[in-house]
Amino acid sequence: MRSVYLMLPALLWASVALRAEVPSAIAIKDAHVVTVSGEDLPKATVILRDGLIQDVGANASIPPDAWVIDGAGLTVYPGFINALSTWGIPQPGPNRAVATAGNVPQQAAPATPAPNPAPRSHGPEDRPQTYSFERAADMVEPSDSRLEAVRAAGFTTSATFPNRGIVEGLGALIDLAGERGRDMVIAQPIGQQIEFRVGGGGMGRSFPSSLMGNIAYVRQLYLDLGQYKQAKETYVAHPNGNRRPEYDHDLEGLAESPRLLLPADECQQVDRILNFGRELKVPFVVYGLHEGYRRIDELKQANVPVLISLKWPERPKDADPNDIPNYRDLLMQEQAPAVPGMLAKAGVKFAFYSDGVDSAPDLKKALKKTVDAGLSRADAIRALTVNAAEIYGVGDRLGSIEKGKIANLVVTKGEAFDDKSTVEYVFVDGKEFQPSKEQQQPPQGGERRGTNPADEGDANGGVN
Amino acid sequence: MEFPKLFLVALALSGSALFGAADNSVVIRNVTIHPITAPDISNGSVLVIDGKIAEIGTRIGARSGARTVDGHGLQLYPGLINAATNVGLEEISSLRDSVDLDEIGMFNPELRAEIAWNPSSQHIEVTRASGITTVISLPGSGARSFRGGPGTVISGQGALMHLEGWTWEQAAVKPSAVMDMIFPQVETVPRRFAAFLAQPALSYQELQRQYRERLRQTGEFFEDARRYEKAKAASGPDFRRDVRLEAMTPVIQGKTPLLVQAEREQMIKEAVAFADKEKVKIIIADPREIGSTGALLKQHNIPVVLGKTFDLPMRDDDPYDAPYTLPGDFYKAGVKICFGTFDVEFARNVPFEAAQAVAFGLPREEALKGLTINSAEILGVSDQLGSIEKGKVADLILTDGDPMQAKTNIKQMFIAGREVSLESRHTREYEKWMKRP
Amino acid sequence: MRRLIPIACAIAMLAGLSGAETILIRNATVLTVTKGTVQNGSVLVENGKIAAIGKNVSAPADATIVDATGKYLMPGIIDCHSHTAIEGGVNEGTVSDSSMVNIKDVIDPEDINIYRGLAGGLTVSNVLHGSANAVGGQTIVIKLRWGKTAREMLFEGATPGIKFALGENPKRQGYPSQNFFSQGPAPERRFPGTRMGVEEVIRESFTDAKNYQAEWKQYHDAVARGEHPIPPRKDLRLEPLVEVLEGKRYVHAHCYRSDEILMLLRVADEMGFKIRTLQHVLEGYKVAREIAEHGTGASTFSDWWAYKIEAYDATPYNAAIMTRKGVVVSLNSDSDELQRHLNLEAAKVMRYGGLSETEALAMVTINPAKQLGIDNQVGSIEVGKSGDMVLFDKHPLDYYSKVQKVWIDGHDYFDRDKDLETRPEFQKKKKALEDKLKVAEDTGTRQGKRNASNAASTPMIEENQ
């Protein structure tokens, strides 16, 4: 039972659009329901109770105790899942904690420990930049300031991973709301993320500085893991005469992970990472994929799920206007948003991840861009919902609107991602949120319609 | 004539023959002469008196007291010129103590490369062994050097030096031949090793700002120099002199050209506009692209000292042979070109840089001119150097073939009429270690 | 017969698609390097290999004929020291011994310098780790098969290598020195700081490797005896060193001074392995005899010198001296720029030491092939070898020459005429894409306008307008 009685001052009522009370049952009546797992229902009702979907259908009967939301003109989708992010782990910086229902805002106390500068590593044996034992599930807090903003884009769930080092830690699938951190966890561990840390020229730095150093390091880790497992098994069977294997929490963390997340953006990186994943003999997922359009067949053959970054490549804002970018970069700018559509046609399972895109309008724009580039809206929704859930092994309980599944939903007015559409409601674990319209608008002065050059450098910043 | 008088006359004549060799004259016979500014002469001879070319032709009379050099059918070319080096000022590039380039400060017109020329630098012998008799030595290491940031605009006076001489005084041909300048640019093209040295990446806006500031300061500096020149001309002996600004006077007066390094099309255009505005003479140095500047340079009569032909294209999408066709492109646009290497270690390879341009479109004669007469003209010494002509300084090389080919051997060399050894550190190592049992 | 023609065409087309083309290069001056020169010669390539060479070679009906009249054909150029096509850093300089890293993992087939090298006649590169470590990373040989993936570029059958480095570079981090590398924050010191320390690193690494070898032998012996020992840890750093000891991996050692060259040869003897090639080896001429006795190849520069003090005694006569004293010498590039014209570098040994034309060409063909152990496949134009060849418009040692075509395994990877032809089309394509993206960007955003106004804001030009 999740009914919690909250006391909120009237001020918060105005500025934080939360419901003060959580009804035990909700019915969204006569809406267009995109179930994803089954048919699109042009006019149906969804019943939520106790955080689960109790019923869905054109003829679903509304329980008498249910709070009824009129779904006319609204569309219900499963809540969007961000397939890889740090959402939920408050990031270090200026006070990022905000008041949310149920907790007193903590003063500048981020859940991620301030990263201690790691001691300089002198080789793989120092396990440089390894945080494989860190768990997102231990680090998530509802106070992360981004949650409200991304809910306004229709996201209810995130595959959240810690974010430091090369072996970054065990991720957790989390709800993007909750009273306490641990309430947010849907499933964990869902995987281990690898990120290559390259640069610095190597002089006077910590191992590894080069890409090949990173690769060798991960390779050595997995060799160590293999040996560790073998050593443990051998020791259990034949303890006498053998030195006991040391407890190794890095390797324990690795061993616990059901899959590995490996990065690849450019086409030769895709080749490299597919080979590497196969070499490591672990189930793996590839994330990035901006130049994926050059490797559609290979990805299909590899039969590996992929996560596509929503941070579409763009001409850097800071560029020298006299400098012409390479054709390859231009092509990436043009083609990257078309990759999801191509993957859909080829039958490759993919999901999306935010890659640092953290505001509702930006997320919407990014999703619209790929729909405009050839991904069908239905496939886009699939990627954001059931695909992500299946990739992380929770497709049986999340990611579609079906009886018995977790009640994570997004209700829009207008079709998802359309410029004029808005997110009206978001349900996280059955709890209702009404994202503010301000959060869904681009920031003031960002996208004005006027083309008057006199607007340039207008010190007032905006009277239009 | 009476016999005794005849005898005296004969004695006098023979005496003058004995003592008449005080002019160190040399006759080089039996060579194919490549004058550059005139058609080739087979079976030719050249007479050198007092370090100058006195006569060229197929029949040169015997001259008593002159040393005769039998050319054995070899080729005779003018000594080659490298129009941009740091020879004499840098010994080992990675050892700062052995390098005298890139003085601190933005405007250093008073610095003179000439006086820092180390006559014992091993690079002198090494460079001339490839047929090069004169080089311009610049006090700055150039826009593309890995040293330092975008600090210097004017590095100082570049000197035209013979690759020979007991002292720099003796080696100097034209002590202040050019004023070395790097035209301000927006530093977005990454410098070599910038990432390696972990230089911070600045925003484009910031780079633009820095560039504008440097440009403004440059304009101001020229303005100061102009004012100084005017004031000094109008003043008496009490005038308070300023070494720096005074060094700019020949530039202001159009006597000393600025050797302006400008890599990209945009910079070249700006440099030309700058020169127009400041009313100074410029030479464009080490451009990496021509863009649409060919016509502009021709119209303004601005020549170019090319940097290395053996280079990589600037951008991934550039044609693979962009640096190879560049000299030819400038030539076809009507721009006068000559070759330089803007370094020390490979200064000797300037003939090969020219040859590569020939492979990709520059006519061979033009390439040769770019190592001889064009360089001389651009540097304002064409009355002395750059071709085998009567009255010019006898800088000559004898080769067994085309000096722009690696398989050619440079056999003999004369600088200002004196034969110089083609031995160097490199040949001495060869001799010594071949003998190791 | 008539029926066979369409079939033959179909086969030819399929063969063309699969890369197994038949090519007849006709009427060239064929510089075989190892077997003399064939004037007005022709070379037939079938299934990627050289099938016939001679004055009168007939070709099957489906052969592509290349008229090479007036042109020169030589074996594909081989570069024994390259850092081209490496992604994410050439050096793992953070450790004294970086043998756990492998260049094979980071080959970047998209590097434009591969194409530029091809355009200069380059067909094979020995891609090496940098010289920041006394014992460096593992290395690999590639063929410049532009357009293929990294895997497809690997030279099948070429023995893998490992890079060592002696002299200034690997000791640079021991003592921050007075050269330009020491700009920036003073790095933490990393052993070694002297040439003595460099020897120590090598000795120690190989001692560790021998201990490791012994450990594993013990383990295998115990298993064979029916015991149940826990296996030792597999150590990626020591595995390649064991391979060196077993003769399965070549050592390519960057070195300059005669004392360090001698040191390395003696350490190798002591530890029981061979040095396959000495790289740069600018003072090799001083210890040419010892190098020849050890059986090591020397891969050097044509005429680089004076950029470091250890290069101050370098002489361009190095290659000639070592050759005369019985060392197999190649000339390398160590540079994306130089690798484009190794034929011209080779020509320099004619001036510096009076080597012959054939000896010069050998410096960048059969000699590096021998050094890399691939001379059974490449390095000369001989029947049975790979169809790796370069067509020049003049003699390759002529400084006015340029490359027309390059074949690798009989497939043409570079064609200058095609390159020239496709330029305008490419520019058009690129401009169209640029414009399209600009429009998309400008619509509705202020940044587009900002860009436009920036582009016009170059002060000098504005003033003069």
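The values are calculated or read from the model by the stated rules, or taken from the named source; none is laboratory data. No experiment lies behind these values; they were computed from the predicted model shown. Every residue, glycine as well, gets a Cβ built from its backbone with ideal geometry; the counts of neighbours run over all protein chains shown. Accessible surface is based on the protein model in full, side chains and every heavy atom, while ligands, DNA and RNA are left aside. Shrake-Rupley method; radii C 1.70, N 1.55, O 1.52, S 1.80 Å.
Tell me yes or no: at least one residue of segment B:393-413 is surrounded by 19 or more Cβ atoms within 10 Å (Cβ to Cβ), among the aliphatic types (A, V, I, L, M) and on the phi > 0 side of the Ramachandran plot.
Within segment B:393-413, not a single residue is surrounded by 19 or more Cβ atoms within 10 Å (Cβ to Cβ), among the aliphatic types (A, V, I, L, M) and on the phi > 0 side of the Ramachandran plot.
For segment C:395-433, what are the residues that are assigned to a loop (DSSP other than H, G, I, E, B), charged (D, E, K, R) and within 11 Å of chain B (Cβ to nearest Cβ)?
Across segment C:395-433, the qualifying residues are C:D398, C:K402.
Report the residue count in segment C:139-152 for those that are touching a residue at least 60 places away in the same chain (Cβ under 8 Å) and open to solvent by less than 20 Å² (accessible area, probe 1.4 Å).
Of the residues in that region, 5 qualify.
Considering only residues of segment A:70-97 that are at pLDDT below 75 and open to solvent by 60 Å² or more (accessible area, probe 1.4 Å), which is nearest to A:K431 (Cα to Cα)?
Taking segment A:70-97 first, the residues at pLDDT below 75 are A:93-97.
This time we only want the ones that are open to solvent by 60 Å² or more (accessible area, probe 1.4 Å), so: A:94-96.
On the way: A:P94: 29, A:N95: 26, A:R96: 23 Å.
Among those that are at pLDDT below 75 and open to solvent by 60 Å² or more (accessible area, probe 1.4 Å), it is A:R96.
Could you grab me the full set of residues in segment B:49-70 that are under 22 Å from B:L371 (Cα atoms) and assigned to a strand (DSSP E or B)? Quick ask: steps written out before the conclusion?
Here is the first cut: in segment B:49-70, the residues under 22 Å from B:L371 (Cα atoms) are B:51-53, B:56.
Within segment B:49-70, B:K52, B:I53, B:I56 qualify.
Among A:S210, A:S206, which is out of contact with any helix residue (DSSP H, G or I) (no Cβ under 7 Å at 6 or more places or on another chain), at the interface with chain C (Cβ under 8 Å from one of its Cβ atoms) and open to solvent by 10 Å² or more (accessible area, probe 1.4 Å)?
Residue meeting the stated conditions: A:S206.
Which residue is nearest to the other protein chains (Cβ to nearest Cβ), if the candidates are limited to segment C:57-68 and must be among the aliphatic types (A, V, I, L, M) and not in a strand (DSSP E or B)?
Looking only at segment C:57-68, we keep the residues that are among the aliphatic types (A, V, I, L, M), and these are C:57, C:59, C:61, C:63, C:65-66, C:68.
Within this subset, residues satisfying the condition of being not in a strand (DSSP E or B) are C:57, C:59, C:61, C:63, C:68.
Numbers: C:V57: 29, C:A59: 31, C:A61: 34, C:A63: 29, C:A68: 18 Å.
Among residues in segment C:57-68 that are among the aliphatic types (A, V, I, L, M) and not in a strand (DSSP E or B), the one nearest to the other protein chains (Cβ to nearest Cβ) is C:A68.
State all residues of segment B:51-70 that are at pLDDT 90 or above, β-branched (V, I, T) and more than 29 Å from B:G165 (Cα to Cα); if no residue qualifies, say none. Break it down into steps so the answer makes sense when it comes.
Start the filter on segment B:51-70 by keeping residues that are at pLDDT 90 or above, which leaves B:51-58, B:67-70.
Imposing the further condition that a residue be β-branched (V, I, T) reduces the set to B:53, B:56, B:58, B:68-69.
The one that is at pLDDT 90 or above, β-branched (V, I, T) and more than 29 Å from B:G165 (Cα to Cα): B:T58.
In segment C:69-108, which residues are assigned to a strand (DSSP E or B), away from chain A (no Cβ under 14 Å) and open to solvent by less than 10 Å² (accessible area, probe 1.4 Å)?
Matches in segment C:69-108: C:L73, C:M74, C:P75, C:I77, C:I78, C:D79, C:C80, C:H81, C:S82.
Looking at (1) at pLDDT below 95; (2) assigned to a helix (DSSP H, G or I), which one does B:R348 not meet, given that it meets all the others?
Going through (1) at pLDDT below 95; (2) assigned to a helix (DSSP H, G or I) one by one, B:R348 breaks only (1).
When only residues in segment B:360-389 that are touching a Ser or Thr at 6+ places or on another chain (Cβ under 8 Å) and more than 11 Å from B:T37 (Cα to Cα) count, which is surrounded by the fewest Cβ atoms within 10 Å (Cβ to Cβ)?
Taking the candidates together, the pick is B:G361.
I need a count of the residues in segment A:299-343 that are out of contact with any helix residue (DSSP H, G or I) (no Cβ under 8 Å at 6 or more places or on another chain) and either among the basic types (K, R) or over 20 Å from B:M314 (Cβ atoms) (or both).
5
Being more than 13 Å from every other protein chain (Cβ to nearest Cβ), open to solvent by less than 10 Å² (accessible area, probe 1.4 Å) and touching a helix residue (DSSP H, G or I) at 6+ places or on another chain (Cβ under 7 Å) is the filter here, so list the residues in segment C:276-295 that pass it.
Scanning segment C:276-295 gives C:T277, C:L278, C:V281.
Only one of A:R243, A:R219, A:R205 is of a type outside the set (G, A, S), part of a loop (DSSP other than H, G, I, E, B) and touching a residue at least 40 places away in the same chain (Cβ under 8 Å); which?
Checking each option against the conditions leaves just A:R205.
Checking the structure you have, find out if any residue of segment A:156-174 is at pLDDT below 95, over 26 Å from A:N214 (Cα atoms) and of a type in the set (S, T, Y).
no
For segment C:282-314, what are the residues that are over 23 Å from B:S130 (Cβ atoms) and polar (S, T, N, Q)?
Within segment C:282-314, C:T296, C:S299 meet the criteria.
Please go through segment A:213-244 and give me each residue that is touching a helix residue (DSSP H, G or I) at 6+ places or on another chain (Cβ under 8 Å) and more than 7 Å from chain C (Cβ to nearest Cβ), ordered by number. Show your work before the answer.
Filtering segment A:213-244 for residues touching a helix residue (DSSP H, G or I) at 6+ places or on another chain (Cβ under 8 Å) gives A:215-222, A:224-225, A:228-229, A:242, A:244.
Of everything in segment A:213-244, those that are touching a helix residue (DSSP H, G or I) at 6+ places or on another chain (Cβ under 8 Å) and more than 7 Å from chain C (Cβ to nearest Cβ) turn out to be A:Y217, A:V218, A:L221, A:Y222, A:L225, A:Y228, A:K229, A:R244.
Restricting to segment C:296-313, and then to whatever is at the interface with another protein chain (Cβ under 8 Å from one of its Cβ atoms) and assigned to a loop (DSSP other than H, G, I, E, B), can you tell me which residue is farthest from C:Y256 (Cα to Cα)?
C:D303
Whether any residue in segment C:345-352 is at pLDDT 95 or above and either polar (S, T, N, Q) or over 26 Å from C:V403 (Cβ atoms) (or both) is what I want to check.
Of the residues in segment C:345-352, the ones at pLDDT 95 or above are C:345-352.
Among the residues that remain, those that are also either polar (S, T, N, Q) or over 26 Å from C:V403 (Cβ atoms) (or both) are: none.
No, because not a single residue in segment C:345-352 is at pLDDT 95 or above and either polar (S, T, N, Q) or over 26 Å from C:V403 (Cβ atoms) (or both).
So which residues in segment C:197-230 are farther than 24 Å from A:K232 by Cβ, of a type outside the set (A, V, I, L, M, F, W, C) and either surrounded by 12 or more Cβ atoms within 10 Å (Cβ to Cβ) or touching a Gly at 6+ places or on another chain (Cβ under 7 Å) (or both)?
Listed by number, the residues that qualify are C:G197, C:E199, C:E200, C:R203, C:E204, C:S205, C:T207, C:D208, C:K210, C:Q213.
Residue check, C:G120 against (1) in contact with a Lys or Arg (Cβ under 6 Å, 6 or more places away or on another chain); (2) open to solvent by 20 Å² or more (accessible area, probe 1.4 Å), all met but one. Which one?
Unmet condition: (2).
Report whether or not B:L362 is touching a residue at least 60 places away in the same chain (Cβ under 8 Å) and not β-branched (V, I, T). Let's see the steps before the verdict.
Details: touching a residue at least 60 places away in the same chain (Cβ under 8 Å): no; not β-branched (V, I, T): yes.
The answer is no for B:L362.
Which of the residues belonging to segment B:71-82 are modelled with pLDDT of 95 or more, outside any loop (DSSP other than H, G, I, E, B) and open to solvent by less than 40 Å² (accessible area, probe 1.4 Å)?
The answer is B:L74, B:L76, B:Y77, B:P78, B:L80, B:I81, B:N82.
Looking at A:V306, A:V286, can you tell me which residue is crowded, with 23+ Cβ neighbours inside 10 Å, farther than 22 Å from C:E87 by Cα and of a type in the set (A, V, I, L, M, F, W, C)? Reasoning before the result, please.
On the way: A:V286 fails: farther than 22 Å from C:E87 by Cα.
None of the others qualify; the one that does is A:V306.
Cβ-Cβ below 7 Å, separation at least six or inter-chain, first residue in segment B:338-357 and outside the structural domain of B:A376 (by TED's automatic domain parsing), second open to solvent by less than 10 Å² (accessible area, probe 1.4 Å) and β-branched (V, I, T): which pairs?
none
For the condition among the hydroxyl-bearing types (S, T, Y), crowded, with 20+ Cβ neighbours inside 10 Å and either outside the structural domain of C:L264 (by TED's automatic domain parsing) or over 18 Å from the mean Cα position of the chain (by Cα) (or both), what is the one hit in C:Y312, C:Y317, C:Y307?
C:Y317
Identify the residue in segment B:222-270 that is polar (S, T, N, Q) and buried (at least 17 other Cβ atoms within 10 Å of the Cβ) and, among all such residues, is modelled with the lowest pLDDT.
Taking segment B:222-270 as the starting set, the residues that turn out to be polar (S, T, N, Q) are B:235, B:249, B:253, B:256, B:261, B:266.
This time we only want the ones that are buried (at least 17 other Cβ atoms within 10 Å of the Cβ), so: B:249, B:256, B:261, B:266.
Numbers: B:T249: 96, B:T256: 97, B:Q261: 94, B:Q266: 91.
Going through the qualifying residues, I end up with B:Q266.
Would it be correct to say that C:K71 is farther than 30 Å from C:D208 by Cα and touching a Gly at 6+ places or on another chain (Cβ under 9 Å)?
no
Of the conditions (1) within 11 Å of another protein chain (Cβ to nearest Cβ); (2) open to solvent by 10 Å² or more (accessible area, probe 1.4 Å), B:D321 fails just one. Which one is it?
(2)
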